[in-house]
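Take a look at the structure below.
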Amino acid sequence: MANVVETRNLTKIYRDFWGRKKKTALNALDLNIQKGEVFGLLGPNGSGKTTTIKLLLGLLFPTAGDALVFGEPAAKVEKNERIGYLPEESYLYRFLNAEETLDFYGRLFNLNPDVRRKRADELIERVGLKNDRKRILREYSKGMRQRIGLAQALINDPEFVILDEPTSGLDPEGTRWMKDLILDLKSKGKTILMCSHRLDDVQDVCDRIAILFNGDLQEQGAVDKLVEDQQKVMLQASGLQMSESLEKDLRAVIEKHGGKVVEYGHPSSTLEELFLRIIEESKARPGRRYLPPGQ
């Protein structure tokens, strides 16, 4: 699969007025996001997630290394026409209504007036604001502002969508709607980068994740593989009832009683447990870094 995002030794160091090193926000990040996947970027506050997003959008320049988006340097502004971005806090003009907001952002992308109007109507319907399209944003709840913020991020029909805390402020129903929408975007071939502190949401929608801590990449891989408990084996069977003899020798007894092994493998913990374990290990072992298998 083609990489939509690729970083090589990406480093960002913040310095004070005198040029002295103040903080290493990102340290030699090697990352790739493949076309058509939902990728989760996780980490505590101050771990480098926002810095990574700003580097990918060209809002910051790296101290060292490279960031490529669509195969082009992230600093190339033109590539942002193919990107949709929902920040954690949507800084939308509060005296515009939903229609006016989407029309304004459509103009920024030089969309044809008819296309702008059609896209705005479709997105307002899609994010569930049809009955509130004429209300000014100042009257919106936080969840409603999150919905119109998402519509704004999709007005240009982007290939790559960056979502920073997309379920923030949403009730359980809205959270389920947001996750279904993310999966729908994936089914349409969109590539999504998602940052969230709600790890159950990440586990529900993400194909792969990366965990950052103090600017260092601590873990990267497929969600289902990372949350497997390699020390235990799980087996499911059908076509029989549990009995004492079955407990003694599971596989042999299943076959003896006319059943069959339906599934076996490693049972999973949760992404939350994995995340907390990685962070605790990182604190206990300063300098710990993720290395690809075989290195």
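The values are calculated or read from the model by the stated rules, or taken from the named source; none is laboratory data. Model, not experiment: these values are computed from the prediction. Neighbour counts run over all protein chains shown; Cβ positions are idealised from the backbone, glycine included.
From 86, 108, 102, which residue is closer than 21 Å to residue 145 by Cβ, assigned by TED's automatic domain parsing to the domain that holds residue 190 and not charged (D, E, K, R)? Steps first, answer last, please.
Values: 108 fails: assigned by TED's automatic domain parsing to the domain that holds residue 190; 102 fails: assigned by TED's automatic domain parsing to the domain that holds residue 190.
Going through 86, 108, 102 in turn, the sole match is 86.
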Checklist entry - Can residue 22 be described as free of Cβ contacts under 8 Å to residues at least 40 places away in the same chain, among the charged types (D, E, K, R), in contact with a strand residue (DSSP E or B) (Cβ under 9 Å, 6 or more places away or on another chain) and farther than 18 Å from residue 192 by Cβ? => result yes
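Return yes or no: is residue 7 assigned to a helix (DSSP H, G or I) and at pLDDT 90 or above? Full working, then the answer.
Values: assigned to a helix (DSSP H, G or I): no; at pLDDT 90 or above: yes.
For residue 7, the condition - assigned to a helix (DSSP H, G or I) and at pLDDT 90 or above - is not met.
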Item to check | Given (1) surrounded by fewer than 20 Cβ atoms within 10 Å (Cβ to Cβ); (2) at pLDDT below 90; (3) of a type in the set (Val, Ile, Thr), number of the condition residue 63 does not satisfy | outcome: (2)
Checklist entry - residue 161 passes all but one of (1) in the same structural domain as residue 221 (by TED's automatic domain parsing); (2) closer than 30 Å to residue 276 by Cβ; (3) at pLDDT below 95; which number fails? => result (3)
Next on the checklist: When you scan the range 116-132, do you find a residue that is surrounded by 17 or more Cβ atoms within 10 Å (Cβ to Cβ), in contact with a strand residue (DSSP E or B) (Cβ under 9 Å, 6 or more places away or on another chain) and not assigned by TED's automatic domain parsing to the domain that holds residue 222, even just one?
Outcome noted: yes
Checklist entry - Which ranges mark the strands (runs of 3 or more DSSP E) fully within the range 164-239 that have 1 or more residues being of a type outside the set (Asp, Glu) and at pLDDT below 90? => result 234-238
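Out of curiosity, is residue 175 crowded, with 21+ Cβ neighbours inside 10 Å, among the polar types (S, T, N, Q) and in the same structural domain as residue 85 (by TED's automatic domain parsing)? Even if it seems obvious, please write down each step before you answer.
On the way: crowded, with 21+ Cβ neighbours inside 10 Å: no; among the polar types (S, T, N, Q): yes; in the same structural domain as residue 85 (by TED's automatic domain parsing): yes.
It is false that residue 175 is crowded, with 21+ Cβ neighbours inside 10 Å, among the polar types (S, T, N, Q) and in the same structural domain as residue 85 (by TED's automatic domain parsing).
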Checklist entry - So how many residues does the range 179-210 have that are under 12 Å from the mean Cα position of the chain (by Cα) and small (Gly, Ala, Ser)? => result 2
Checklist outcome for this item: Only one of 128, 143 is in contact with a Leu (Cβ under 7 Å, 6 or more places away or on another chain), at pLDDT below 90 and over 24 Å from residue 54 (Cβ atoms), namely 143
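In the range 16-30, how many are of a type in the set (Lys, Arg) and modelled with pLDDT of 90 or more?
Result for the range 16-30: 0.
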